[in-house]
Amino acid sequence: MCGIVGAVTERPVNKILIEGLKRLEYRGYDSAGVALADNGQLHTVKAVGKVANLENALAHAGVKGTTGIAHTRWATHGGVTETNAHPHVSKNQIALVHNGIIENHASLREALKGDGYEFLSDTDTEVMVHLIHQLREQHTSLLAAVQAAVKQFEGAYGTVVFDKNNADEIIVARSGSPLVIGLGLGENFIASDQLALLAVTRTFIFLEEGDVARVTRETVEIYNQAGERVEREIIESTIHQDNTGKGEYRHYMLKEIYEQPVAVRNTLEDRLEGSRVAVKAFGERATEIFKDVKHVQIIACGTSYHSGMVARYWLEQFAGVSCNVEIASEFRYRQSFVHENSLLVTISQSGETADTLAALRLAKEQGYMASMTICNVPGSSLVRESDLAFMTKAGAEIGVASTKAFTTQLVGLLMLTAAIAQEKGIDATHIVNAVKSLPSKLEEALTLAGGIETLAEEFADKHHSLFLGRGSQYPIAMEGALKLKEISYIHAEAYAAGELKHGPLALIDADMPIIVVAPNNELLEKLKSNVEEVRARGGIIYVFADKESHFESDETMRVMNVNHVEDIIAPVVYTIPLQLLSYYVAVIKGTDVDQPRNLAKSVTVE
């Protein structure tokens, strides 16, 4: 993985492919490449690093084509080299790009080597192009060869392939990794994300699991997993990628941190009816489903998992339903118990997170009452495959480290809590009123930026840190630690503050900064006792504290006061200073804030 763009046209496709890759750069990658068909010739150009390097190499090569495929790679099998970059080629005839992982690549490689195929890369992908070439010689068309090949692949793939000897067609196949076909006039396009193609079309077909398609300039033929010709819905995209510029901000991440008040307003727009949540915002069947819910099972990964952990506190306290939260990659591989009248809730910014999507499909076989997703991307796989969907409306999030997607997920989960409570006859007016105040409360939290920027200077020489929180602030501490490690590369851990005495105190010294989130709630006095445990052992503490909590700065403690907010929305508000801290520390460290090393925005592999 990470990004795919393809085109079959009557005009040169070089600029289309490069522009498409640039629109996907935010997802994270380490190398890029392009393959072009031109008058029976196959040209391949690759480069390590940014798409700009590929663009320069392509211009220097002086090649072009009216059919082409391009790829940005996030390394899974094999190091970051031009040889391992996609596209991969077999016998100077077949070119292929691929997102996903082929799990049986080793056995396929050995068999193909025995048949005389030479492997140049360390990737799992190269077995695909050689196998398709081998099968092409046994079948009457490239389509038939790809249909035969995918039956041998174990794992996930979104793959695009063409044959230079018949360059007026491209074959695409999808299993576990998304692909979308963009429709034009006398030309058609393929991508792993519709955002890549918004410059050339707004009309799309989303391939479904197991689909194989033949795409030419004039036609699109789609076949399902059984090989039957099928029709898929044509969708007009309403997405406006108007957030691609950084504007006055140094980085996309900082811009997106400051966009959070507006993003939350957009999330709330048309979703509130006086003192009630508009249940229809979750889908047509939401009312009948919510009134019967007795248990909620949340499945997510990374930042989305942290939002789910916060929601557990809300759902159990305010809606009166039990809740479990589990990492999707763990949920998939254990025997789980399905509670009576259980609602499965998946959370994903992209809607294409491989483990979360696989967990949804598994859950459908296990007898859940219904499924729902909280997502930021309309038309994504999770949205299309779930019974209910709540769109966060955060807008395009370019920075790899999630900010506004996280806070809008929290808002969506708080509204879900209120909606379930309402349908069960529980008064949720206090939740709705608190949510309405969030945009202004987030704006107030952003005013802390100057002080936090100064505070961040004390982290310049640090290599480890510890985040502490209690109750619903514990997952926020986890999110703060994740942000710091993601973009500053400082090792960061988070603990429920009450757990300090059970091990983490052994780590405390003057070189280990301790970051504490301290709203003024019923756990404040307990938290203060935990802070004293750290001070007694020489730790330096950084507290983001409610103004009314009576923390005071001294030589061992730096206090950043936060305006008082209601406890129910405090997790959302206290996220802001932790995001700002991680950002300013990363700037001081000189890291690549928007595209941190080794990470990708949309993780479409296990």
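Observations on the model:
- Residue match in segment 363-370 (condition: farther than 29 Å from GLY158 by Cα and either hydrophobic (A, V, I, L, M, F, W, C) or at pLDDT 95 or above (or both)): yes
- Residue count for segment 387-404, restricted to those that are surrounded by fewer than 24 Cβ atoms within 10 Å (Cβ to Cβ) and within 18 Å of CYS301 (Cα to Cα): 3
- When segment 361-373 is filtered for residues that are among the hydrophobic types (A, V, I, L, M, F, W, C) and surrounded by fewer than 24 Cβ atoms within 10 Å (Cβ to Cβ), the ones remaining, listed by number, are LEU362, ALA363, MET369, ALA370.
- Checking ALA460, ALA428 one by one, the residue that is surrounded by 15 or more Cβ atoms within 10 Å (Cβ to Cβ), aliphatic (A, V, I, L, M) and either at negative phi or out of contact with any Lys or Arg (no Cβ under 6 Å at 6 or more places or on another chain) (or both) is ALA428 and no other.
A quick yes/no check of all residues on (1) outside any helix (DSSP H, G or I); (2) over 24 Å from ILE515 (Cα atoms):
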site	(1), (2)
GLU397	yes, yes
ALA405	no, no
THR408	no, no
LEU416	no, yes
ILE426	yes, yes
THR454	no, no
GLY471	yes, no
GLU486	no, no
TYR495	yes, no
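- Residues that are touching a helix residue (DSSP H, G or I) at 6+ places or on another chain (Cβ under 8 Å), within 17 Å of GLN41 (Cβ to Cβ) and modelled with pLDDT under 95 number at least 2 in none of the strands (runs of 3 or more DSSP E) confined to segment 60-169.
- THR76 vs. criteria within 26 Å of the chain's Cα centre (by Cα) and free of Cβ contacts under 8 Å to residues at least 60 places away in the same chain: no
- Flag for LEU500 being in contact with a strand residue (DSSP E or B) (Cβ under 6 Å, 6 or more places away or on another chain), assigned to a helix (DSSP H, G or I) and at pLDDT below 90: no
- Matching entry among ALA492, ALA445 (being within 30 Å of SER275 (Cβ to Cβ), buried (at least 22 other Cβ atoms within 10 Å of the Cβ) and of a type outside the set (Asp, Glu)): ALA445
- Of all residues in segment 160-203, those that are within 24 Å of the chain's Cα centre (by Cα), surrounded by 22 or more Cβ atoms within 10 Å (Cβ to Cβ), on the phi < 0 side of the Ramachandran plot and not aliphatic (A, V, I, L, M) total 8.
- Any hit, segment 136-145, residues being closer than 26 Å to TYR26 by Cα and among the polar types (S, T, N, Q): no
- Segment 374-386 - residue that is in a loop (DSSP other than H, G, I, E, B) and more than 12 Å from the chain's Cα centre (by Cα) and, of those, surrounded by the most Cβ atoms within 10 Å (Cβ to Cβ): SER386
- ILE289 crowded, with 21+ Cβ neighbours inside 10 Å and under 23 Å from the mean Cα position of the chain (by Cα): no
- The set of residues from segment 195-218 being in contact (Cβ under 8 Å) with a residue 24 or more places away in the chain and in a loop (DSSP other than H, G, I, E, B) comprises LEU198, ALA199, VAL200, ARG202, LEU207, GLU208, GLU209, GLY210, ASP211, ARG217, GLU218.
- Any hit, segment 546-554, residues being within 34 Å of the chain's Cα centre (by Cα) and not in a helix (DSSP H, G or I): yes
- Unique residue being touching a Ser or Thr at 6+ places or on another chain (Cβ under 6 Å), surrounded by 15 or more Cβ atoms within 10 Å (Cβ to Cβ), in contact (Cβ under 8 Å) with a residue 24 or more places away in the chain and among the polar types (S, T, N, Q) when the list is GLN579, GLN595: GLN579
- GLN335 meets each of the listed conditions (1) crowded, with 22+ Cβ neighbours inside 10 Å; (2) among the polar types (S, T, N, Q); (3) out of contact with any Gly (no Cβ under 8 Å at 6 or more places or on another chain) apart from (1).
- Complete set of residues in segment 79-108 that are of a type in the set (S, T, N, Q) and either on the phi > 0 side of the Ramachandran plot or over 22 Å from the mean Cα position of the chain (by Cα) (or both): THR81, THR83, ASN84, SER90, ASN92, GLN93, ASN104, SER107
The values are calculated or read from the model by the stated rules, or taken from the named source; none is laboratory data. Predicted model only: the values in this text are computed from it and were never measured. No Cβ is skipped: glycine too gets one built from the backbone with ideal geometry, and neighbour counts run over all protein chains shown.
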